[in-house]
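A quick write-up on the structure given underneath.
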Amino acid sequence: MKIALVTGANRGIGLEVSRQLATLGFKVYMGMRNPESNRDLTDDLLAQGLNIVPVKLDVTKTADVREVQTLIKENEKRIDVLVNNAGVFLETLGGGLESSVLNVDPVIVLKTIETNTIGPLKMIQAFVPLMLSQGEGRVINVSSGMGSLNEMQGKYPGYRMSKTAMNALTAITQSESQGSAIYINSVCPGWVRTDMGGESAHRSVSEGAETIVWLATTDNPPQGKFLRDKETIDW
Ligand SMILES: NC(=O)c1ccc[n+]([C@@H]2O[C@H](COP(=O)([O-])OP(=O)(O)OC[C@H]3O[C@@H](n4cnc5c(N)ncnc54)[C@H](OP(=O)(O)O)[C@@H]3O)[C@@H](O)[C@H]2O)c1
């Protein structure tokens with residue numbers, strides 16, 4: 001049985017990825033900041049026969065990351081797939097104003113980077129060594145086209161920079177894992193109807209989850225790429 005860990009698994013894309021991986025036979029550790037308040041949701045998934053384990057995991061909290069690392073090491077002695085999905089989009093100014101480089105609060109930028117970039121870094125530090133020791137593993141960083149330097153536009157600088165830096169994390173980790181069967185990639189899920197994406201977004205959560213689940217399951221995944229719709233896109 002393959003073991004997966006998904007961060008931010010209680011709603012949106014993370015929930016859908018967890019549901020799909022569990023349906024495909026994975027045992028899925030579902031990271032969430034507050035498992036107690038999501039009890040109905042996880043009870044429902046368990047009642048459907050899905051092999052899921054809710055775990056308390058705020059990716060900004062090193063103690064949470066360590067506890068989940070210990071739990072998975074002790075219970076499973078391996079991890080096949082890590083999905084760094086948890087993310088925040090904090091930059092709205094209200095009154096129809098969008099944040100820009102010239103008006104954004106740097107504290108909000110730092111908070112965004114703490115969750116969207118440093119959280120995944122902590123997760124990689126906790127789980128890639130286990131993957132290296134078992135000789136293989138996959139990491140999927142849920143990024144965004146808003147972080148693509150090639151497509152870079154104005155507005156929302158904190159979110160954009162957090163995802164550009166996440167993409168750098170993908171490339172650096174891949175480079176440092178060269179010669180091993182570690183497959184780490186960034187994915188842009190597209191614009192997805194979630195609390196973050198809003199109701200006008202073009203894609204369902206199922207469409208948003210597709211490339212992530214494909215990377216977790218395909219026989220020959222790419223290494224160190226940025227993908228959308230299973231195709232490599234420019235950084
Ligand atoms: N939706 C889109 O259009 C879109 C487009 C491009 C990229 N993405 C990326 O896709 C990922 C998932 O987004 P989504 O649309 O599913 O967003 P969402 O519906 O807002 O869900 C975000 C998830 O992240 C969790 N989270 C936030 N901060 C966390 C932390 N410190 N520790 C652990 N979990 C935390 C949330 O938990 P709580 O319930 O506790 O808040 C929630 O489960 C994000 O990385 C996002 O940047 C989304």
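For region 189-205, enumerate the residues that are within 6 Å of the ligand (Cβ to nearest atom) and either assigned to a loop (DSSP other than H, G, I, E, B) or of a type in the set (D, E, K, R) (or both).
Pro189, Trp191, Thr194, Asp195, Met196, Gly197, Ala201
Only one of (1) modelled with pLDDT under 95; (2) part of a strand (DSSP E or B) fails for Asn141. Which number is that?
So Asn141 meets the others, but not (1).
Do we have any residue at all in region 107-121 that's hydrophobic (A, V, I, L, M, F, W, C) and over 30 Å from Ser177 (Cα atoms)?
Checked against the condition, which is being hydrophobic (A, V, I, L, M, F, W, C) and over 30 Å from Ser177 (Cα atoms), region 107-121 yields at least one hit.
Give the residue that is surrounded by the fewest Cβ atoms within 10 Å (Cβ to Cβ), with candidates limited to residues of region 206-233 that are of a type in the set (Gly, Ala, Ser) and within 16 Å of the ligand (Cβ to nearest atom).
If we take residues in region 206-233 being of a type in the set (Gly, Ala, Ser) and within 16 Å of the ligand (Cβ to nearest atom), then Ser206 is surrounded by the fewest Cβ atoms within 10 Å (Cβ to Cβ).
Restricting to region 23-44, and then to whatever is within 16 Å of the ligand (Cβ to nearest atom) and small (Gly, Ala, Ser), can you tell me which residue is surrounded by the most Cβ atoms within 10 Å (Cβ to Cβ)?
Gly31
Among the residues of region 45-69, write down those that are away from the ligand (no atom under 13 Å from the Cβ) and either among the aliphatic types (A, V, I, L, M) or over 14 Å from Ile124 (Cα atoms) (or both).
Leu45, Leu46, Ala47, Gln48, Gly49, Leu50, Asn51, Ile52, Val53, Glu67
Could you check region 1-22 and list, in sequence order, the residues that are touching a strand residue (DSSP E or B) at 6+ places or on another chain (Cβ under 9 Å) and away from the ligand (no atom under 11 Å from the Cβ)?
Met1, Lys2, Ile3, Ala4, Leu5, Arg19, Leu21, Ala22 - these are the residues of region 1-22 that are touching a strand residue (DSSP E or B) at 6+ places or on another chain (Cβ under 9 Å) and away from the ligand (no atom under 11 Å from the Cβ).
Could you tell me which of the residues Val107, Val88 is under 25 Å from Trp191 (Cβ atoms) and of a type in the set (A, V, I, L, M, F, W, C)?
Unique residue meeting the criteria: Val88.
If I filter region 45-63 down to residues being in contact (Cβ under 8 Å) with a residue 24 or more places away in the chain and assigned to a helix (DSSP H, G or I), which single residue comes out as surrounded by the fewest Cβ atoms within 10 Å (Cβ to Cβ)?
Thr62
Does at least one position in region 96-109 carry a residue that is in a helix (DSSP H, G or I), free of Cβ contacts under 8 Å to residues at least 40 places away in the same chain, surrounded by fewer than 15 Cβ atoms within 10 Å (Cβ to Cβ) and not acidic (Asp, Glu)?
Yes; the residues of region 96-109 include at least one that is in a helix (DSSP H, G or I), free of Cβ contacts under 8 Å to residues at least 40 places away in the same chain, surrounded by fewer than 15 Cβ atoms within 10 Å (Cβ to Cβ) and not acidic (Asp, Glu).
Val109 versus (1) within 16 Å of the ligand (Cβ to nearest atom); (2) more than 21 Å from the chain's Cα centre (by Cα); (3) modelled with pLDDT of 95 or more: which is the lone unmet condition?
(2)
The values are calculated or read from the model by the stated rules, or taken from the named source; none is laboratory data. Bear in mind that the values here come from a model prediction, so they are computed numbers and not experimental data. Cβ atoms come from the backbone with ideal geometry, glycine included; neighbour counts cover every protein chain shown.
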